[in-house]
Amino acid sequence: MLKVLFIGGTGIISSACSELALERGLDLYLLNRGQSFRPTPAGAKVLHGDIRSPDSVRAALGDLQFDAVVNWIAFTPEHIETDLALFNGRTRQYIFISSASAYQTPPVQLPITESTPLHNPHWAYSRAKIACEERLMQAYRDDGFPMTVVRPSHTYDKTLLPMDGGYTVVDRMRQGKKVIVHGDGTSLWTLTHHRDFAKAFVGLLGNNHALGETFHITSDELLTWNQIFELVAQAAGVEANLIHIPSDFIARFEPDWGAGLLGDKMHSMIFDNSKIKRAVPGFVAAIPFSLGVREIMAWYDADPSRQKVNADLDHRMDEIIAAYEAALP
């Protein structure tokens, strides 16, 4: 039986991986602070510690050894240094959760493969993930540290709407207000349900073919952003009133929103999943977004307290739309 430690394990992506790992009989430990609103899956052994406080982790781990350790919440090279100190010699495999936004942006060639260069001048988040990968690869080359890198793209569960602004956008749709789609809405995007992601990811745990390797895990379904917004609107029971605004125009008004557009979402991203399918035979992403979005809207509609509207962002969207329309000839 594989003994596996998840640092985190109750997040959007990791929660499905935790459930599937337990379903498949793995001996799963979760190291976290116990602050997630998602329940800890039955059967997991919980270790209370804060990965940002290494002494608390050492105290929680004692002399435990693992077949695989996965850090779902490492974002900077400093976080990687902490993990190298904590887990070198304690695990046969260490998996770092990177990001597909680390790939060359904009991409020179599609589809994206694992050998596509890593370069994102637009988004600091992505550059930090690249630096983490480089440090781990150095540790693998120099010291034989048994690392694996996994690059998720846009992965969602029932709590996560795919567009910037989340439920605020749905609220605008239901009021008949205009909703902003970046560019002309025709760039291609990939949305991956977290249960589909888990099927591939759990197959990498303890997988000797994954050591020293990098993998992205995504669906093979391609959607335009226009289609994504329209599917959300249909699930919400309304028709979308879309307005298309260039990403750089949005970025001038909302730099944080713009960074995610310029550094990720405005570019078509098509992924070649051949490598993960070779490593995990039989992996197929089977949940189309047309079904996943119904789960999302059912979750929001089941409890009005989940329908949180960001009034400041809502107002800002009105300002962006008014400014753009005023600038039109």
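All of the numbers you see were taken from the coordinates with simple rules; none came from a lab. Because the structure is a prediction, the values reported are computed rather than measured. Backbone-built Cβ (ideal geometry, glycine too); neighbour counts: all protein chains shown.
Between D301 and Q227, what is the label-point separation in nm under the 7 Å Cα-to-beta-carbon projection?
Distance between label points: 2.3 nm.
Give the peptides 267-280, 6-19 in descending order of average Cβ contacts within 10 Å, highest first.
The packing order, highest mean first, is 6-19, 267-280.
In deg cm²/dmol, rounded to 500, what helix-only [θ] at 222 nm does the chain give when every DSSP H run of at least 4 residues adds -39500 (n - 2.57) and the total is split over its residues?
After summing the helix terms and dividing by the residues of the chain, the value is -11500 deg cm²/dmol.
With an 8 Å cut-off on Cα pairs and a minimum separation of 6 or more residues, tell me the relative contact order of the stretch 83-125 in percent.
Normalised by residue count, the contact order of the stretch 83-125 is 34 percent.
Mind checking the stretch 12-82 for chymotrypsin sites (Phe, Trp or Tyr not before Pro) that DSSP puts in a loop (not H, G, I, E or B) and that have at most 14 other Cβ atoms within 10 Å?
F37
Count charges around G11 for me, please; just the other residues with Cβ under 15 Å from its Cβ, Lys/Arg as +1, Asp/Glu as -1.
Summing Lys/Arg as +1 and Asp/Glu as -1 gives +2.
Between S56 and R90, what length comes free when the chain is fully extended (0.36 nm per residue of separation minus the Cα-Cα distance, one decimal in nm)?
Gain on extension, S56 to R90, equals 10.6 nm.
Over the stretch 214-329, with a single point scatterer placed on each C-alpha, what log10 of the ratio I(q)/I(0) does the Debye formula yield at q = 0.13, 0.18, 0.20, 0.24 1/Å?
Log10 I(q)/I(0), no solvent term: -0.75, -1.19, -1.28, -1.36.
Short version: ³J(HN,Hα) in whole Hz for each residue of the stretch 221-233, in order, from phi by Karplus 6.51 cos²θ - 1.76 cosθ + 1.60 (θ = phi - 60°), x for Gly and Pro, what are they?
Residue by residue, the stretch 221-233 yields 6, 10, 9, 7, 5, 4, 5, 4, 5, 5, 5, 5, 4 Hz.
Excluding same-chain residues fewer than 8 positions from K177, which aspartates and glutamates have a Cα within less than 17 Å of its Cα?
By straight Cα distance, K177 reaches D164, E230, E239, D312, D314, D318, E319, E325.
Past the 20 Å Cα-Cα mark, which pairs from K129/K277; K199/K277; K3/K199?
K129/K277
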